[in-house]
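First comes the structure, then the notes that go with it.
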Amino acid sequence: MIGVIMHVRTKPDKTDEFIALTTQLQRDVHANEPDTLLFQVLRSQGDQNSFAFMELFTSEEARKAHARQPYHVAMSAAGYACLEGEPDIRSFDPLGQLALTGAVA
């Protein structure tokens with residue numbers, strides 16, 4: 001398993017567009033990627049232009065396959081155009097037993 005956490009800031013005038021793009025991406029990932037165990041975008045409570053992606057994949061190949069999905073490729077350019085600065089992307093190895101409960105659509 002591999003976990004990825006990505007933090008991004010949006011340009012204030014692009015935040016609503018970014019939310020629409022990432023909300024659709026979440027739907028697409030949940031519907032089409034069984035080897036993506038968790039894909040959730042979070043919005044900061046204290047900074048409305050700050051977002052974090054939490055991702056958990058069954059394998060490195062699943063992580064790579066996620067980035068190659070047509071819907072991911074299609075939204076990437078538009079999504080990156082909404083960002084202020086570069087994303088902070090970090091990969092992690094999960095510790096202990098995985099316990100995911102409940103799914104949010």
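Every number in this text was worked out from the coordinates using simple rules, so none of it is lab data. These numbers were taken from a predicted model, which means no experiment stands behind them. Cβ sites come from the backbone with ideal geometry, for glycine too, and all protein chains shown count toward neighbours.
Structural remarks
- Residues in segment 36-60 that are closer than 14 Å to H72 by Cβ and free of Cβ contacts under 8 Å to residues at least 40 places away in the same chain: T36, F39, V41.
- Residues within segment 28-84 that are of a type in the set (K, R) and touching a helix residue (DSSP H, G or I) at 6+ places or on another chain (Cβ under 9 Å), tallied: 1
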